[in-house]
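This report concerns only the one structure given below.
The values are calculated or read from the model by the stated rules, or taken from the named source; none is laboratory data. If you're wondering where the values come from, they're calculated on a predicted model, not measured in any experiment. As a convention, Cβ positions derive from the backbone with ideal geometry for all residues, glycine included, and neighbour counts pool all protein chains shown. Accessible surface areas use protein heavy atoms only, side chains included; no ligands, DNA or RNA. Shrake-Rupley method; radii C 1.70, N 1.55, O 1.52, S 1.80 Å.
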Number of protein chains: 2
Amino acid sequence: MLENITPEEARQQIINHTRLLSEEQLPLLKAADRICAREILADTSLPSYAQSAVDGYALAENPADGKDAYWLNSNLKAHENLLAPLQAGQAVGVVTGGTLPHNTWAVVPHEKTVVKGNHLQVRETIKAGQNIKMAGEDYAQGDQLIARASLITPAHLSLLAAYGQDNVAVYRQPRVAVLSLSENIVPVGINPAVGQVWDSNGPLLGALLQKDGGTLISLQTAWGRTPVEIKRWVLNILEQVDILVLTGGTYAETDNEARLLVEEIGAKLLYWGVDIQPGSHTGAALLGSSLIFGLSGNPAACAVGYQLFVAPALQAMQGLTPYPKHQTAICSNGFPKKSGSRRFLRGQAEWNDDGLQVTVLPGQKPSMIRSLLNCNALIDIPAGSPPVEAGSKVSIIWLDSAF
Amino acid sequence: MLENITPEEARQQIINHTRLLSEEQLPLLKAADRICAREILADTSLPSYAQSAVDGYALAENPADGKDAYWLNSNLKAHENLLAPLQAGQAVGVVTGGTLPHNTWAVVPHEKTVVKGNHLQVRETIKAGQNIKMAGEDYAQGDQLIARASLITPAHLSLLAAYGQDNVAVYRQPRVAVLSLSENIVPVGINPAVGQVWDSNGPLLGALLQKDGGTLISLQTAWGRTPVEIKRWVLNILEQVDILVLTGGTYAETDNEARLLVEEIGAKLLYWGVDIQPGSHTGAALLGSSLIFGLSGNPAACAVGYQLFVAPALQAMQGLTPYPKHQTAICSNGFPKKSGSRRFLRGQAEWNDDGLQVTVLPGQKPSMIRSLLNCNALIDIPAGSPPVEAGSKVSIIWLDSAF
């Protein structure tokens, strides 16, 4: 069991013990924002035959009168046009995406024509091949429609539908549960006694876990439960979830309620204690294939721990590559304190014409919620750093799921 | 009724006829990513009394032995400490977020102490007020917790929970339906005959509408229905939805199936025809308070029309301000065609150290799906523009919900 390790070592421990979840088939519209489990290649070309790109008329190469008028074959409905090749001087109605008769030279849209009886006059200059979608012009047979382990977007769904697919294989979403352990935390809905506060980490974690693709199975506090009941609840929920997040009760050594609980249920500790600020009192364990995280009960420490340790596990379980995205930014306002340990400040990052800027958000005490508002990046301050000067360069991590 | 108007005029027509939807109360965890319907102010300070910021010990001002050791009052549990003010030289256990006894001078975390019986030795230099959360240090009474008409984030949920709120007022989500009108479109699951293609716009629109907060009530094609049945279906669905999106059948003049349908059901046409490329054949109408959009059946034209006209309506109905976000970008690769009409190219925009760059995506024909893949911005090319040179400045619109 590792102690007082770096966040990179902790992350590696987590990734080493995270398994890719199984596949499931979903109807297209349920698959948006899920992670595709298989590469899909085009089994035919798209379009699979030449089609009209507009609603209008397919034209033979030369007009009937040598100028701009055609004989309109109006006996054929749009989808019957394959039955009769165009003769010289002929035109026939076609629809967007519909077939074109043999010998089609170009297609002209309705609004560029005047029809009088079976006489079609074209009011624009026609170029060969105009408004014809050639077979395979969008996708060729064998082209990749979607890569394995990629996020499924609306455009992918459109493309899969164009190929007649009505479902798609995705990775199952991780099932997750949250338990706020601190004895002075009461759930929203209960009136707190003096010395008690409402559980704010539970809703924070519940919302973040769902943003990152987790299915929230249960969100509880330890309030009103005996240690035996808590242990029983944890063992029961671990049979149902891929990830259990404990928050609070992570303080050091003998009184470490979270760590004691994890040890008592027979989970294998991966690490306990990471050398960061805020949230050094944090750990992870494994029971069967379920990951258990212990996050600090302080709001900002809990939030930072979620982003550094829990979010990567959620990503890896769904087939994403959970690397942090460090970038260099200019810190617009600085930070007045030295950093003994490696420190993760909550920041608001934004590109503008001066480059990538990040603002240290107000309320950076670990006990405060305020710094989470508008936070979309963590500012990664090395251990032993002096105060951050306004205008200096810092390293930031963009958050996939901002607070 | 307006014809051949600018996209800005069309958007204004839509916004003028869009009503803000009613409020509903949701439990916190159902409210993530919804739009808050009311400003919420802090009714008390947070924390409402001084609290410990860590699990550890509250210390009196001076140690018992004049150096670094205190008498530990271990008869009191953490939450009973209010009962007995600290005496000189005394310490008492406290928990994160818990109360502090009167006369607390500072708090020291567990891990910086050694306890032997009722003797507490402190292993770090203590400063006055250390690890004490002052009443109101996070939020003062009257501070804004969330603004009206703002997107509810995980941080907001955490903050509302910290104030004991178990639900929040949000704007109702627009109910939406989609009907693919073109006669040669068949739904996925049906084998297309020659001249027929699968419906790819339906899944595209369904996914986009849901990303923008819509609740998808029905997604249909006109396939296999008579005009009378289509009209009946449309009238019925308009009693259930706030927005109906028609796609396909929008071609010009007398054969405009979408426009004829809208007129037949007695809807008020707001406009028909917008002077853009792709997707000039597009319109909007109003029946009661329901908006009806007619979008082109060509994939890229349908997609551009969705972003320019439908997405703003969805945003306005939920209380968001639907202004397009134009920014100037460098076009990295250019575009070889002149633009007679105002043209919206599909692009991939990205900030980097050289500023904001946009790449024109491959497959820009209106009939192609390919340009939607990786598209997160529209490139807005003025009417009458020459080809776009690589490296030239262009105006882009970031998409709130990328393809």
* Please calculate the 1.4 Å probe accessible area of A:Lys112, with all protein chains present, and give it to the nearest 10 Å². => 80 Å²
* Which residues of segment A:102-125 end up with at least 20 Å² less accessible area in the presence of all protein chains than when their chain stands alone, using a 1.4 Å probe? -> A:His110, A:Glu111
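If you count, for every residue in B:89-98, the Cβ atoms of partner chains within 10 Å of its Cβ, what is the mean?
5
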* Applying the Karplus parametrisation 6.51 cos²θ - 1.76 cosθ + 1.60 with θ = phi - 60° to the phi angles of segment B:16-23, what ³J(HN,Hα) value in whole Hz is obtained for each residue in order, glycine and proline being reported as x? -> 4, 10, 9, 9, 5, 6, 6, 8
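Hey, any idea what % of segment A:167-277's accessible area is carbon plus sulfur with a 1.4 Å probe?
That share works out to 48 percent.
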* Structure fact -> One finds the C-alpha centres of segment A:1-77 and segment B:25-76 to be spaced, in Å, by 51 Å
* Peptide-level mean, for A:49-61, of C-beta atoms on other protein chains within 10 Å -> 3
* To do: List the distances, in nm to one decimal, from the label point of B:Ala149 to the label points of the same position in every other copy, shortest first, placing each label point 7 Å from Cα along the Cα-to-Cβ direction.
  => 4.4
* A:Lys338 label point, 7 Å along Cα→Cβ, cut-off 18 Å on backbone N: hits in segment A:365-389? -> A:381-389
* **Identity and axial distance of the chain B residue whose Cβ lies nearest the axis relating B to A, Å** => B:Trp351, 2
* Ascending list, in nanometres, of distances separating the B:Pro227 label from those of the other copies (7 Å, Cα toward Cβ) -> 8.0
* Asked: A:Ser45: net charge of surrounding residues, Cβ under 10 Å, Lys/Arg +1, Asp/Glu -1, itself excluded?
  -> -4
* Structure fact -> Once Lys and Arg are counted +1 and Asp and Glu -1 for all other residues with Cβ under 10 Å from that of A:Ala155, the total becomes +2
* To do: Can you send over the solvent-accessible area of A:Ser395, 1.4 Å probe, protein chains only, in Å² to the nearest 10?
  => 40 Å²
* Label-to-label distances across copies for B:Arg19, with labels 7 Å out along Cα→Cβ, in nm, shortest first? -> 5.5
* In Å, what is the Rg of the alpha-carbon atoms in the protein assembly as shown, and how long is Dmax? -> 31.5, 115
* Using a 10 Å cut-off on Cβ to Cβ distances, tally the other chain neighbours for every residue of A:200-212 and report the average as a whole number. => 6
* Structure fact -> In a Gaussian network model of chain B with springs linking alpha carbons closer than 10 Å, the residue among B:Ala300, B:Ala383, B:Ala69 that fluctuates most is B:Ala69
* Would you mind working out the magnitude of the charge dipole of segment B:125-173 relative to its Cα centre, with +1 at each Lys and Arg C-beta and -1 at each Asp and Glu C-beta, to the nearest 20 Debye? => 80 debye
* To do: Taking all protein chains together and a probe of 1.4 Å, list B:Ile190, B:Ile35 from the most accessible to the least accessible.
  => B:Ile190, B:Ile35
* Asked: Total Å² of accessible surface buried at the A-B contact, 1.4 Å probe, nearest 100?
  -> 6100 Å²
* To do: Over chain A, consider all pairs of different Cα atoms and compute the Kirkwood hydrodynamic radius from their mean reciprocal separation; express it in Å, one decimal.
  => 25.4 Å
* Ranked packing of B:81-91, A:16-26, B:99-109, most packed first, by mean Cβ within 10 Å -> B:99-109, B:81-91, A:16-26
* Asked: Using θ = phi - 60° and the Karplus curve 6.51 cos²θ - 1.76 cosθ + 1.60, what whole-Hz ³J(HN,Hα) does each residue of segment B:123-129 get, with Gly and Pro shown as x?
  -> 9, 9, 6, 9, 10, 4, x
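Can you tally the net charge around B:Pro299? Count Lys and Arg as +1, Asp and Glu as -1, for every other residue whose Cβ sits under 11 Å from the Cβ of B:Pro299. It would help to have the intermediate numbers written out before the result.
On the way: positive: A:Lys133, B:Arg346, B:Lys365, B:Arg370; negative: A:Asp138, B:Asp199.
Cβ neighbours under 11 Å give a net charge of +2.
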* Asked: Which whole-angstrom value gives the distance between the alpha carbon centres of segment B:351-402 and segment A:373-394?
  -> 34 Å
* Asked: Between the DSSP loop rule and a limit of at most 15 other Cβ atoms within 10 Å, which chymotrypsin sites (Phe, Trp or Tyr not before Pro) in segment B:268-363 are left?
  -> none
* With every protein chain kept in the model, how would you rank B:Ser74, A:Ser200, B:Ser392 by accessible area, 1.4 Å probe, largest at the top? -> B:Ser74, B:Ser392, A:Ser200
